[in-house]
Amino acid sequence: MSGAVTTYILVAPEGFSLDYKLSYSVGIIVSIAHSVWFYLWKPRH
């Protein structure tokens, strides 16, 4: 969900109005980073 929200904020006219390729790339990177963080954090808690 954070990747979708990040992508929307980057693409939307009321957000940053950035290029689609850049916005989707950043959204995918954010999703991967959050997934990695979750899988590393979860076993400890």
* Asked: For Ala12 and Trp37 in one chain, what is 0.36 nm times their gap in residues minus the Cα-Cα distance, to one decimal in nm?
  -> 6.3 nm
* Provide, as a two-decimal number, the C-alpha radius of gyration of the chain over 2.2 N^0.38 Å, N being how many residues it has. => 1.35
* Structure fact -> Scoring only Lys, Arg, Asp and Glu (+1, +1, -1, -1) among other residues with Cβ under 15 Å from the Cβ of Val36 yields +2
* Please give the calculated 222 nm ellipticity per residue for the chain, where each DSSP H segment of at least 4 residues contributes -39500 (n - 2.57) and the sum is spread over every residue; nearest 500 deg cm²/dmol? => -23500 deg cm²/dmol
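FYI, it's all coordinate maths here, none of it is from the lab. The structure displayed is predicted, hence computed values, not measured ones. Cβ coordinates were reconstructed from backbone atoms using ideal geometry, including for glycine residues, and neighbour counts include every protein chain displayed.
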